[in-house]
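Just below is one structure, and these are the notes that go with it.
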Amino acid sequence: MKLSLNICHLYSDLMDTYGDKGNITALTKRCQWRDIDISVTSISVGDKLSALTLDFDLYFFGGGQDRQQILVGQDLQKKSKEIKEAIESGAVMLSICGGYQLLQNYFKTLEGVEIKGIGLFDAHTKGSTTRMIGNLLINLNHQLKSGIDYIYPASHIPHPTSNLIGFENHSGKTYLGKDLKPLGTVIKGFGNNGEDKTEGAIYKNAFGCYLHGSLLPKNPHFADYLIVKALERRHGMVKLKPLDDAIEWQAHESAIKRIP
Ligand code: GLN
């Protein structure tokens, strides 16, 4: 049976200040190159999720400025139940920066505006006077790393599949709840808050991080991991056909070389 993957792009019109749409392009192409049917549906303010929720295998939520987050945060409350049910049923979520912050318990901006999150991630974010900008290199959470090595078809080739490289640009500092696992630990850059060396968060198949860039085109191992986890939801165990990721890994390594 032909594999298919249904993606929900949350607030694609409002939460794409930092070019995170490139992640949708990477997921789409990596599926098309493997003859996997892929659909991308944009859901924004005022759209209903309920009827469609069962169809979505992967949710993507990009970054945005404080101003957009206030508007999106109010609407997200109306989608909270469906999104949390989807994650509990095994759907995948990739959220970047502003999207990641709105999936937490709350985001308090520097001006003191408290934007209620949906509490998918037991964490909170506080606006700060530090603008955390620059290349961000992390060492992956070891459990995730072994999962990626098992799934990523070209893992036998000596690529740095233990890390993720991206670009961060945020003033919000995120602090994880005591049981919430980080996506990884910071090698270079600020990460969640520039203090505790954590970056991002993992809850079931939901991933949050500060890695713009966009992230997936130059981290093919993580892109394939997300694709497999999302496919497994309706298709059971799947094995991906290897792709020639030489250019992706060149991009990965050249971004790392740019770190001072
Ligand atoms: N506005 C949030 C902050 O500055 C998120 C920024 C972003 O999405 N890059 O922390």
Task: Accessible area of residue 215 in the full protein assembly, 1.4 Å probe (Å², nearest 10) - done: 0
Open item on the list: Probe radius 1.4 Å, ligands and nucleic acids left out: which of 41, 129 has the largest accessible area, and how do the rest follow?
Closed with: 129, 41
- [ ] Collect residues whose amide H, placed 1.01 Å from N in the peptide plane, falls under 5 Å from the amide H of residue 194; neighbours closer than 5 in sequence don't count.
- [x] none
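Can you tell me the accessible area per residue over the range 178-260, all protein chains present, probe 1.4 angstrom, in square angstrom? It would help to have the intermediate numbers written out before the result.
Values: 3690 Å² over 83 residues.
Accessible surface, normalised per residue, equals 44 Å².
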Task: Whole-percent pair-distance distribution, where bins are 5 Å wide, for the alpha carbons of the range 1-115 - done: 2, 11, 23, 23, 19, 12, 5, 3, 1, 0, 0
Task: Partners for residue 21 among aspartates and glutamates (Cα-Cα distance below 13 Å; same-chain residues under 8 apart left out) - done: 13
Open item on the list: Given points 7 Å out from each Cα along the Cα-Cβ axis, report the residue 39 to residue 195 separation in nanometres with one decimal.
Closed with: 4.5
Task: Rounded percent of accessible protein surface that carbon and sulfur make up, the chain, 1.4 Å probe - done: 55
Open item on the list: Which of the three applies to the range 84-231, rounded, prolate or oblate, going by the alpha-carbon gyration tensor with a ≥ b ≥ c and a/c under 1.5 meaning rounded?
Closed with: oblate
Open item on the list: List the GluC sites (Glu not before Pro) within the range 25-122 that DSSP assigns to loop and that have no more than 12 neighbouring Cβ atoms inside 10 Å.
Closed with: 111
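Please say if the range 197-237 is rounded, prolate or oblate, where rounded means a/c under 1.5 for a ≥ b ≥ c the square roots of the C-alpha gyration tensor eigenvalues, and otherwise the choice is prolate for a/b larger than b/c and oblate otherwise? It would help to have the intermediate numbers written out before the result.
Working: a/c = 3.15, a/b = 1.51, b/c = 2.08.
Oblate shape, in that a/c is at least 1.5 and b/c is the bigger or equal ratio.
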Open item on the list: Among the listed pairs 229/257; 116/188; 79/241; 48/84, which have their C-alpha atoms separated by more than 26 angstrom in this model?
Closed with: 229/257; 116/188; 79/241
- [ ] With springs only between Cα atoms under 10 Å apart, run a GNM on the chain and tell me which of 136, 144, 226 wobbles the most.
- [x] 144
Task: residue 93 long-range amide H proximity, modeled H, under 5 Å - done: 59, 206, 207
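From the Cα gyration tensor of the chain, with a ≥ b ≥ c the square roots of its eigenvalues, which class applies: rounded if a/c is under 1.5, or else prolate if a/b is larger than b/c, or else oblate? Don't jump to the answer; show the numbers that get you there.
On the way: a/c = 1.71, a/b = 1.14, b/c = 1.50.
Since a/c reaches 1.5 but b/c is at least a/b, the shape of the chain is classed as oblate.
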TODO: Distance between Cα centroids, the range 198-260 to the range 77-135: provide it in whole Å.
DONE: 20
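The values are calculated or read from the model by the stated rules, or taken from the named source; none is laboratory data. No experiment lies behind these values; they were computed from the predicted model shown. Here the Cβ is made from the backbone with ideal geometry for all residues, glycine too, and neighbour counts use every protein chain on show. SASA here: full protein model, heavy atoms, side chains in, ligands and nucleic acids out. Shrake-Rupley method; radii C 1.70, N 1.55, O 1.52, S 1.80 Å.
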